[in-house]
Amino acid sequence: MKILLTTVLFIILAPVAGGLLSGFDRKISARMQKRVGPSILQPFYDVLKLFQKENVVVNISQNLYAFCFLFFTVFTGVLFFNGADILLIIFSLTLAGIFFVLGGYSTFSPYSFIGSERELLSMVADEPMIILTAVGMYMVTKSFSVADIAAYGTPLFFYIPGVFLGFLFILTIKLKKSPFDLSTSHHAHQELVSGVTTEFSGKPLAWIELAHWYENVFLLGIVYLFFAPVPVIGVAVALLAYFLEIFIDNINARVKWQWMLKSAWGAAIGLGVLNIFILYIVQ
Amino acid sequence: MSFMSLILFLIIFPLFAALLMTLLKNPKVRGFFVMAASLVIAAASVALLVMNLNNSGFVEYAVHMEYIEYAMTAVLLLISVYIIYAGARDKKYHAVVLAIVQILATVGSELLFGGKAEAANALMLDNLSLLMVMLVGVVGSLICVFSVGYMEKYHHHKHVADRSRMFFAVVFVFMSAMFGLVLSNNLKWLLFFWEITTFCSYLLIGYTRTAEAIRNSYRALVMNIVGGLGFLAGIVWLYETQGIIEVDKLLALNPALVVVPVVFICFAGVVKSAQMPFSSWLLGAMVAPSPVSALLHSSTMVKAGVYIVIRLSPLLAGTKAGLFIALIGAVTFLFASLIAISERNLKRLLAYSTISTLGLIVACAGVGTYQAVWTAMLLMIFHAVAKALLFLCAGTVEGGTDSLSIEDMDGLIMKMPKVTVFILVGIAGMFLAPFGMLISKWQALEALVSVNPLIAVLVIFGSSATLFFYTKLMGKLIMIVHPAGKLEKGVTGGEWFTLGTLSILTVAACVVFPVISKYLIDPFIKLVYHSTVSMSAGNIVIMLLMMVFLLLLPLQIVLQRRDKRHVSAYLNGANLTEYKDAAEANDHFYTAGHNVQELKLSNYYLEEMFGEKRLGLVGIVLTSMLLAILCGVMFL
């Protein structure tokens, strides 16, 4: 019963939170650029409008991949907020991400294709640090279950600050923010047109947008987990992290993939692995 | 029929089948008997499993045949003599030298043993052996069935001498040797079968007799002879210091007393399972027809290598030697996965993927805790099934398109839809949640983290590379390009049967793995380690749910409305407009000079970062250093 309730609440509330985050993102970014910016609710209007638009396709299989992307992203979030095994949750997120990438491939469009290749590179860049985050949490709490990790007495941040910083680093990649927004074109870089989503329109494009909202809520959930014993601080840090990402997004120019891969793996080793080794030696 | 006679049947029956193959010249008749023999072997393997379900202990069997050991020695000497002859013929003098060393070692060890080194029980059966019997018997037999149709077409396409009789004979000898290897308690017997598998793989890799095939067959032979010599040294050392030559007695000893022989034998296992720095022999093996690759990579040869390491893993647990063996495996896992990113040839990509997976198995076996060994055994099952499927599909694709280059596989799903679906199942089986390999990687991570974070870290980075090279391969296959082709007409019924069955097994293995674990793996782990691995019921339910979704979600494509407006992909307005059908205009565009250009999309291979030349060298240097340290450690 509790599982069902959490699931329903997550499915309903996560897009609300994700949409609001996206609205704030656009507003704050606009203010940083001395523009007025759209209404906070603009992302909701955009997605609702997409649902009413005609679905023009290159081939119908692309819609399947978009749907699977949304489905498994929601599934990931449901597992997370129900306190399941964190490694399984990460693998489920990876599965969702793979569907997103495959959607781009299936269209045989050069812009989608390059977007997919770069999105895949982004996944390769950030995945080690995400798994190291799970490993770090396990080393402190001796459990991979999110429920157990959340119930641990002291904030994990104090044991694994390196892991926390490493996770913040790759959060920029996960949220597709500059300097690591290689696979999209949220800013004025136009060489990719719209990257993976170039050939998507109407409802499937709305699914993809929704999936990103769910994903963002889940990612901030992991940030929260570092401070779970003090919920107020946890939420505050999660929001602060999101603000930080918006800030980074606005002050950076996009880098080449080599730099993304090297810096993300570098951060994973220099912050995550080092922290875990120190923890191992101390224990 | 008693266990004992069924075990002997499994070892001896394939030899008769092999003999029959050499006599049958008509391919149709031979094909029939290959299928019949495969069926018998598979049925006997399953029968052994069923009869043994309630008997999960370690059972030894005495064999009272005095002359059998003389016969084995004679066969080994004959093989060495043949290698001297063939090596001289093919001008591979390093093989000749090694074969002479091998003869001296064989004779020398026999003189040392002086006929006194006898095992009380030559054969044995436990759940690890049973698992291996199932892999060899079922997956191996399916590959045989596939080979019937494949080899006939192979000789229509390729202009090489038709030596199919020899091919099938060697394949059955190979299976016999594998059964013998996993059912032997007497280490001398085990070594005998070990050397037979080396010899069979040499014959199969050199099948086409092209210059490349000959070169690569000798590379495999030479490396594995060196490994075999290590194995023999291990046995001699064990007999001289402890006076035993049996697996069961060895396992009962204090690990500290037998570090040297265990390391020697594991060294042979590391070579045979193509771990770095010895991985090049398995890469070279892909010159052989695809069923050979499938056989070597899935159920035989390399699995013999990991079998022996898993068999000895209780003696490695917690030791420095075990740690360094695990590190060799983990480094191999990482580097082979990274190099696979840069591979453009499907079979080479699969070969690197095999090497990396075997690395993970060796890492788990080297760590040797109950959870790690449990994972290693699961990995063997999942890998055997999925990899056999993938190699056979690769062979089928090559038959249909005359190419193994991944760059030529754009939109394969439009040209060979069924084969492509099978490939996708195989790929999913190799790295996607909730399929088998991922379950194992997940468990491996949990098992390794608590023992040694360094090994876990290597596995984590390697896994990300796996994600990259398999997803971009999938992407190529699922592109929708026009026009659709019909390139799978030539695939025979036997081939479809094997591909279909292996696909079903790939999916089924992860649905029923809790059952496999409960009846086959858990009893073994409990017997050896006195504790069992329990995967929470919640997680199993979640994975089953994911599997159900993955099987059901593709229905979305059927349920979609068909009246959608189709457009060609965005090409900056340079699309060909004279085509009425938008889909036709998808893969051509106008260049600046208004010339028509075909659209080509090429995957990232990132050779400058992940190329074999660069990373292969680093991997070899690292693993050689680990091997050197291992040699030092074992004498401390």
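Quick notes on this structure:
- Neighbour counts of other Cβ atoms within 10 Å put B:Cys200, B:Cys393 in the fewest-to-most order B:Cys200, B:Cys393.
- Separation of the B:Met166 and B:Gln242 label points, Cα + 7 Å toward Cβ, nm: 4.1 nm
- Charged-residue dipole, Cβ positions (Lys, Arg, Asp, Glu), the range B:14-160 about Cα centre, Debye nearest 20: 900 debye
- Mean partner shielding of peptide A:78-90, defined as the number of other chain Cβ atoms within 10 Å of each residue Cβ, is 3.
- Close amide H partners of B:Glu246, meaning residues 5 or more places away or on another chain with modelled amide H under 5 Å apart, are B:Leu187.
- Taking 26 Å as the straight-line reach from the Cα of A:Lys34, the lysines in range (excluding those fewer than 8 positions away in the same chain) are A:Lys176, A:Lys177.
- Take each residue in B:562-575, count the other chain C-beta atoms within 10 Å of its C-beta, and the mean is 4.
- Vicinal HN-Hα couplings computed from phi for the range B:305-313 (Karplus, 6.51 cos²θ - 1.76 cosθ + 1.60; Hz; Gly/Pro x): x, 6, 4, 5, 5, 5, 4, 8, 4
- Three semi-axes describe the equivalent ellipsoid of the protein assembly as shown; taken as square roots of 5 times the Cα gyration tensor eigenvalues and ordered largest first, they are 49, 33, 23 Å.
- In chain B, the longest principal axis of the Cα atoms and the axis of helix B:417-431 are about 50 degrees apart.
- Taking only the alpha carbons of the range B:400-517, we obtain Rg and Dmax values of 17.2, 54 Å in that order.
- Just so you know, the Rg over Rh for the range B:277-380 is 0.99, from Cα atoms, with Rh as the Kirkwood radius.
- Taking amide hydrogens as placed 1.01 Å from N in the peptide plane, the amide H of A:Ser145 sits under 5 Å from those of A:Ile86, each at least 5 positions away in sequence or on another chain.
- Inter-chain Cβ neighbour average for residues B:442-448, partner chain, 10 Å: 3
- Relative contact order for chain A, counting Cα pairs under 8 Å that sit 6 or more residues apart, in percent: 27 percent
- Between 0 and 90 degrees, the angle of helix B:68-89 with respect to the longest Cα principal axis of chain B falls at about 50 degrees.
- In the range B:1-104 the Cα-Cα distances spread across 10 Å bins starting at 0 as 12, 25, 27, 27, 8, 0 percent of all pairs.
- Think of each Lys and Arg Cβ as +1 and each Asp and Glu Cβ as -1; about the Cα centre, that makes the dipole of the range A:2-282 roughly 520 debye.
- Between the range B:115-170 and the range B:344-408, the Cα center-to-center distance that results, in Å: 18 Å
- Segments B:292-298, B:627-633 sorted - mean Cβ within 10 Å per residue, highest first: B:292-298, B:627-633
- From phi via Karplus (6.51, -1.76, 1.60), per-residue ³J(HN,Hα) for the range A:203-208 in Hz, x at Gly/Pro: 4, x, 5, 5, 4, 5
- Given charges at beta-carbon only (K, R positive; D, E negative), |dipole| of the protein assembly as shown in Debye: 720 debye
- Normalised contact order of chain B, rounded percent, pairs of Cα under 8 Å and 6 or more residues apart: 14 percent
- Kirkwood hydrodynamic radius of chain A, from inverse mean 1/r over distinct Cα pairs, in Å: 19.3 Å
- Order by protection proxy (mean Cβ within 10 Å, highest first), peptides B:274-283, B:10-19, B:528-537: B:274-283, B:10-19, B:528-537
- Rounded to 10°, Cα long-axis angle of helix B:453-478 versus longest principal axis of chain B: 40 degrees
- Chain B - Rg and Dmax from Cα coordinates, angstrom: 24.8, 87
- Once C-alpha pairs closer than 8 Å and six or more residues apart are averaged by separation and normalised to the residue number of the range B:510-636, the relative contact order reads 10 percent.
- When you count the other C-beta atoms within 10 angstrom of each residue and take the mean per peptide, B:347-353, B:612-618 line up highest first as B:347-353, B:612-618.
- Karplus 3J(HN,Hα) series, Hz, for the range A:215-229 with 6.51 cos²θ - 1.76 cosθ + 1.60 (x for Gly, Pro): 4, 4, 4, 4, 5, 5, x, 5, 4, 4, 4, 5, 10, 3, x
- Long pairs among B:Lys272/B:Lys347; B:Lys25/B:Lys153; B:Lys92/B:Lys613; A:Lys142/B:Lys441; A:Lys53/A:Lys174; B:Lys158/B:Lys476, criterion Cα-Cα beyond 23 Å: B:Lys92/B:Lys613; A:Lys53/A:Lys174; B:Lys158/B:Lys476
- Positive-pole candidate from B:Val81, B:Val138, B:His159, dipole of the protein assembly as shown, charges at beta carbon: B:His159
- DSSP-loop trypsin sites (Lys or Arg not before Pro) across the range B:158-223, with at most 13 other Cβ within 10 angstrom: B:Lys158, B:Arg209
Rule-based calculations on the coordinates, nothing more; no lab input. Computed from a predicted model, the values in this text were never measured in an experiment. With ideal geometry, Cβ positions are generated from the backbone for all residues, glycine too; neighbour counts draw on all protein chains shown.
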